[in-house]
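Written out below as structure tokens is the structure these notes cover.
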Amino acid sequence: MAFGADELRVLRRALAAVLNPAQLPDEDVRECLELAESVDEAVREAGRLRAFLLADLARYRAALPGGLTGYLELLQDALAGGYVPVSDDLAALRALRGDAVAAALLERCMRIAERHVRERLAGGAAEVRVPAARRA
């Protein structure tokens with residue numbers, strides 16, 4: 001998330017007010033509240049974008065092998081955003097490992113998935129992700 005010059009000015013004043021709690025002018029309070037609303041909206045938008053990306057990824061995975069290029073690109077984008085590959089991703093990549101990009105991505109996904117499992121077993125992750133195909 002990037003802030004503009006005006007937003008940084010408001011943020012700096014808000015932090016200064018926290019460190020030196022004096023009476024704030026009404027305009028400063030209003031600007032801080034507006035900044036908080038903007039940050040909240042950015043967080044909501046990031047959540048919507050992530051949900052869209054993961055739904056798109058599932059659609060491309062379901063269309064394999066026809067959507068190979070799109071699937072591989074979306075999976076790489078999702079991994080860059082912190083996505084932990086599910087068993088459906090690993091199975092799809094195993095089936096496509098004749099493709100050099102898919103084979104390299106399979107290795108990367110297996111390392112990520114293994115690290116995630118180890119963290120869960122060690123108590124480092126609170127959430128267990130269940131692939132959509134396995135739910136209900």
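For the chain, the longest principal axis of the alpha carbon atoms and the long axis of helix 26-62 meet at an angle near 10°.
Add -39500 (n - 2.57) for each DSSP H run of 4 or more in the chain, then divide by its residues: what number comes out at 222 nm, to the nearest 500 deg cm²/dmol? Please list the in-between numbers first.
Values: 5 runs with 96 residues, N = 136.
Counting only the DSSP helices, I get -24000 deg cm²/dmol.
For the pair Cys32 and Phe52, a Förster radius of 22 Å applied to the C-beta separation gives a FRET efficiency near 0.10, rounded to the nearest 0.05.
Roughly how big is the chain's charge dipole about its Cα centre, with Cβ charges of +1 (Lys, Arg) and -1 (Asp, Glu), in debye to the nearest 20? Don't skip to the end; give the middle numbers.
Details: 19 positive and 21 negative charges, 199 e Å.
Here the size comes out at about 960 debye.
Helix 68-80 and the longest principal axis of the C-alpha atoms of the chain enclose an angle of approximately 40°.
Determine the gain in length on full extension of the stretch Glu45-Ala103; use 0.36 nm per residue of separation and subtract their C-alpha separation, reporting nm with one decimal.
Full-extension gain reported as 17.6 nm.
Values quoted throughout were computed directly from the atomic coordinates according to the rules given, and no laboratory measurement underlies them. This one's a predicted model, so the numbers in the text were calculated from it and none came from an experiment. Ideal geometry is used to build each Cβ from the backbone, glycine not excepted, and the neighbour counts take in all protein chains shown.
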